[in-house]
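Below is one structure, written out as structure tokens; the observations come after it.
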Amino acid sequence: MIPLLGEEEAQAAADAVRSGWVAQGPRVRSFEQDFAATVGATHGVATSSCTTALHLALVLLGIEPGDEVVVPSFSFIATANAVRYVGATPVFADVDLATGNVTVETVDAVRTPRTRAVIAVHQGGVPFDTAALRKAAAGWGVELVEDAACAAGSSAYGQPAGAGAKVAAWSFHPRKLLTTGEGGMLTLDDPERAARLRRLREHGMNVSAADRHASSQPVLEAYLETAYNYRMTDIQAAIGLVQLGRLAGLVAQRRELAARYHELLAGVGGLVPVRDPAYGQTNYQSFWVLLDGFPAARDEVLSELAAQGVSARRGIMAAHLEPAYADVSPAPLPVTERLTRDSLILPLHHKLTTDDQEHIVAVLRRLSR
């Protein structure tokens with residue numbers, strides 16, 4: 001992945017610096033409003049990262065020690081870590097082989113009377129089945145947090161991923177389509193919950209620093225609860241506003257590149273590339289391929305690609321196989337373990353050329369023989 005950053009982003013960041021207001025302020029507010037509108041939500045609450053956004057979502061929902069939260073192991077480790085931040089227990093669910101996402105069936109298989117919430121991930125930009133999981137969560141009486149870290153520009157059932165979510169968390173890390181360097185966002189429709197999230201990210205203050213300084217009269221703020229410093233800066237938000245204007249074009253370009261990969265890979269046996277699910281469209285934040293009867297092992301493929309100047313990487317991690325979760329004994333996760341063992345992510349970014357793609361696939365074709 002190579003982020004698309006240009007002179008407009010540099011100018012926007014410089015303008016923020018010259019304004020004298022570089023902490024969370026008016027640009028953050030504008031970014032929140034514009035991003036929320038783009039993903040079909042009423043409110044946006046910017047944060048320092050998607051990880052802190054997930055943490056705040058669980059605090060907001062009252063998840064606490066003794067509670068269980070069902071999460072996919074097949075995700076960046078932050079998804080499971082956020083559960084431990086609030087003292088709850090992550091319970092790992094398996095995923096669908098084609099989408100890499102949890103399903104109603106995989107969640108239900110590990111759900112217990114202690115389950116208070118589910119974190120479902122739009123993995124690699126592939127949307128999970130929002131209609132099915134939202135309906136199931138409501139029926140179970142559990143909260144659903146939507147980890148949309150990779151999903152800006154993806155859609156499900158004709159709506160942006162995250163539209164209609166009780167709470168969705170987003171990432172603006174440089175590996176994502178829309179980046180602010182580091183940064184995150186929570187989107188939701190409930191105004192009272194949004195107001196509390198804004199307090200939680202700013203030490204529990206009942207009035208933001210920006211509003212306090214904008215007042216012509218002294219403002220004596222109060223701190224309503226123990227909270228956190230999870231703020232985004234105006235410099236980051238200035239970059240984010242420019243990036244937001246690029247999002248639709250970036251998604252269109254990535255989908256064109258993905259279609260080209262599909263065309264080129266059609267003649268290579270033993271590889272199953274990621275595709276759109278029947279109910280939605282992916283932004284192709286990651287283009288992964290599953291080795292399915294391929295004659296070379298995944299690590300051998302990665303080594304040969306690297307030797308030929310191709311920067312591929314292993315597929316998405318499985319958190320339950322990491323040392324940090326060695327104390328967890330999950331239910332069997334055969335699909336998760338197959339995906340993390342036998343998949344790899346191919347380069348996909350705005351600088352990728354047709355020649356680049358043909359070279360990448362030529363290496364894979366040679367290995368397939």
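The values are calculated or read from the model by the stated rules, or taken from the named source; none is laboratory data. In this text the structure is predicted, and so the values were computed from the model without any measurement. Because the Cβ atoms are built from the backbone with ideal geometry, glycine has one as well, and the counts that use them run over all protein chains shown. We work out accessible area using only protein heavy atoms, side chains counted, and drop any ligands, DNA or RNA first. Shrake-Rupley method; radii C 1.70, N 1.55, O 1.52, S 1.80 Å.
Here are a few things to note about the model shown:
- Annotation: of all residues in the range 178-206 being at pLDDT 95 or above, open to solvent by 10 Å² or more (accessible area, probe 1.4 Å) and in contact with a Leu (Cβ under 7 Å, 6 or more places away or on another chain), the one that is nearest to Thr130 (Cα to Cα) is Arg193.
- Subset tally (residues that are open to solvent by 20 Å² or more (accessible area, probe 1.4 Å), under 22 Å from Gln285 (Cα atoms) and in contact with an Asp or Glu (Cβ under 8 Å, 6 or more places away or on another chain)) for the range 76-96: 1
- Residue that is nearest to Pro347 (Cα to Cα), among those in the range 177-213 that are touching a helix residue (DSSP H, G or I) at 6+ places or on another chain (Cβ under 8 Å) and charged (D, E, K, R): Glu182
- Close Cβ contacts (under 9 Å, 6 or more residues apart or on different chains) running from residues in the range 25-39 that are at negative phi to residues that are among the polar types (S, T, N, Q) and assigned to a helix (DSSP H, G or I) comprise Gly25/Ser19; Pro26/Ser19; Arg27/Ser19; Arg27/Gln236; Val28/Gln236; Phe31/Gln236.
- Being over 22 Å from Arg29 (Cβ atoms), under 18 Å from the mean Cα position of the chain (by Cα) and not in a helix (DSSP H, G or I) is a condition met by no residue of the range 180-194.
- The single condition among (1) open to solvent by 20 Å² or more (accessible area, probe 1.4 Å); (2) more than 20 Å from His173 (Cβ to Cβ); (3) assigned to a loop (DSSP other than H, G, I, E, B) that Gln11 does not meet is (3).
- Of the strands (runs of 3 or more DSSP E) that lie entirely inside the range 268-369, those containing 1 or more residues that are over 30 Å from Glu68 (Cβ atoms) and open to solvent by 30 Å² or more (accessible area, probe 1.4 Å) span 271-273.
- Every residue from the range 110-135 that is more than 19 Å from Phe74 (Cβ to Cβ) and either surrounded by 22 or more Cβ atoms within 10 Å (Cβ to Cβ) or of a type outside the set (Ser, Thr, Tyr) (or both): Pro113, Arg114, Arg116, Ala131, Arg134, Lys135
- Taking (1) buried (at least 19 other Cβ atoms within 10 Å of the Cβ); (2) within 21 Å of Val289 (Cβ to Cβ); (3) in contact with a strand residue (DSSP E or B) (Cβ under 8 Å, 6 or more places away or on another chain) in turn, Thr99 satisfies each apart from (3).
- Within the range 207-227, tally of residues that are in contact (Cβ under 8 Å) with a residue 60 or more places away in the chain and open to solvent by 60 Å² or more (accessible area, probe 1.4 Å): 0
- Tally of residues being in a helix (DSSP H, G or I), of a type in the set (A, V, I, L, M) and open to solvent by 20 Å² or more (accessible area, probe 1.4 Å) across the range 258-267: 2
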